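The values are calculated or read from the model by the stated rules, or taken from the named source; none is laboratory data. None of the values given here were measured: they were computed from a predicted structure. In this analysis, Cβ positions are derived from the backbone assuming ideal geometry, glycine residues included, and neighbour counts consider all displayed protein chains. Remember, those area values only see protein heavy atoms, side chains included, never the ligands or the DNA or RNA. Shrake-Rupley method; radii C 1.70, N 1.55, O 1.52, S 1.80 Å.
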Amino acid sequence: CAQAQTPMLQAPSAQQAPWTAAIGELDVGNSDQHCSAVLVTPDTIVTAAHCLFLGSGQAPASPYDLIFTPNKGALPALPPSRGVAFKGVGGIIHGGKLKDQDVANDWAVITISPPVAGVQPLPVAELPVSGMLQLVASGDRLVTAGYGNGTYDELRLHPPCRIIPAAELGMNPRDSVVMTDCDVRLGDAGGPLLLVDGAGQPALIGIFSGLD
């Protein structure tokens, strides 16, 4: 989780790493709001559970209301896919300011159709926070991104930021929540926290929570 701020953001470029195409905008059936999501298999995305409750909805959105557009606003232009089923949802969580106990449950795994072709899904790394910090210490970069609200619907990479050890905040260690000082915007919820190694290979270690 992170504070919502207005950072200086990096626009996509022709030199942007090809794996960024696996990050997409998630239309949740609300014309004024959206979320971000990440392709983890050709027919599966992950996002934040509270994205199912954007707007004034008292019931979660149907998977059929969800439209995932990978690489939106960049080239190559890719067709959207529609949600068809929930594979798993961490909790029934409404948008706005989340309670601390809800943050760890703010995730949803969704089957989409048609499967996304021509894009390498992002591999998921199941690591304790201590393991993430060890990889950063050995040279991996923490990279974050999302489709925050703005004039154009396109991916923005966030400025460099860091994972904050729980002890530094006077908290008990929890591997279910990764604390960062990353800048994020409304609409970035469901976007990825990644570790990128020296060879430029990414691993998904978490998603943004608590921001709609």
Of those in the stretch 166-212 that are touching a residue at least 60 places away in the same chain (Cβ under 8 Å) and of a type in the set (Asp, Glu), the residue least open to solvent (accessible area, probe 1.4 Å) is Asp188
Considering the stretch 155-165, residues that are outside any loop (DSSP other than H, G, I, E, B) and either within 10 Å of Gly73 (Cβ to Cβ) or open to solvent by less than 20 Å² (accessible area, probe 1.4 Å) (or both), and then whichever is modelled with the highest pLDDT, we arrive at Ile163
Report task. Take Ala49 and decide whether it is open to solvent by less than 30 Å² (accessible area, probe 1.4 Å) and either of a type outside the set (Phe, Trp, Tyr) or modelled with pLDDT under 95 (or both). Result -> yes
### Query
Does Ala85 meet the test of being open to solvent by less than 20 Å² (accessible area, probe 1.4 Å) and either modelled with pLDDT of 95 or more or among the hydrophobic types (A, V, I, L, M, F, W, C) (or both)?
no
Every listed condition ((1) surrounded by fewer than 20 Cβ atoms within 10 Å (Cβ to Cβ); (2) touching a Pro at 6+ places or on another chain (Cβ under 8 Å); (3) β-branched (Val, Ile, Thr)) holds for Val109 save (2)
Here the residues within the stretch 114-154 that are surrounded by 12 or more Cβ atoms within 10 Å (Cβ to Cβ), at pLDDT 90 or above and either closer than 17 Å to Pro80 by Cα or touching a Phe, Trp or Tyr at 6+ places or on another chain (Cβ under 7 Å) (or both) are Pro114, Pro115, Val116, Val119, Gln120, Pro121, Leu122, Gly146, Tyr147
